[in-house]
1. Restricting attention to strands (runs of 3 or more DSSP E) lying wholly within region 42-139, give those where 1 or more residues are over 12 Å from the mean Cα position of the chain (by Cα) and within 23 Å of residue 164 (Cα to Cα).
2. Here are some conditions: (1) out of contact with any helix residue (DSSP H, G or I) (no Cβ under 7 Å at 6 or more places or on another chain); (2) surrounded by 13 or more Cβ atoms within 10 Å (Cβ to Cβ); (3) free of Cβ contacts under 8 Å to residues at least 60 places away in the same chain. Residue 140 meets all but one. Which one does it not meet?
């Protein structure tokens, strides 16, 4: 005599068949072939978990924040936003500087808004230093940043230098990968805080 199947038995058998098919599909499904160099390039972007973005609150800096967010979106990277207040050598580093501190707060607020629009976690850093580039390099080292993204001015300086002092210092001394984004020259930046 053949036993009659129970509803629980039927469900268990169906679940077993689904799982078996899934395992066979996973085991027998051949991965897409790609060159070793292509795979290496893909994986090198996957490791970008901490991206440092220095900002000055200008359009080129905020575009750097946007670019960093897009680079880090797939892997859920933490975006480290930094504003460095350069303190003149004639003042102590702890001297009260109300204007630059307000500018830093406004610039970082806009940058945090960009990061949150992408669903990423921003961390803000306001630092004081004599030379901004050296402080950015120090922050990258201390925070174990995987990448520094910097937007640079679209206009070239008077001496035909593409990089400013800060960008040059970061590019030469950074402990991690550096990505510079220079906007095209016709790009007109809105004034800080201006709505577009």
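1. Numbers: elements: 50-54, 78-86, 121-129.
Per the criteria, 78-86, 121-129.
2. The number of the failed condition is (3).
Read-outs throughout are calculated quantities, based only on the coordinates presented, and are distinct from any laboratory measurement. Please read all numbers here as calculations on a predicted model, not as lab measurements. Note that each Cβ is placed from the backbone with ideal geometry, even for glycine, and that neighbours are counted across all protein chains shown.
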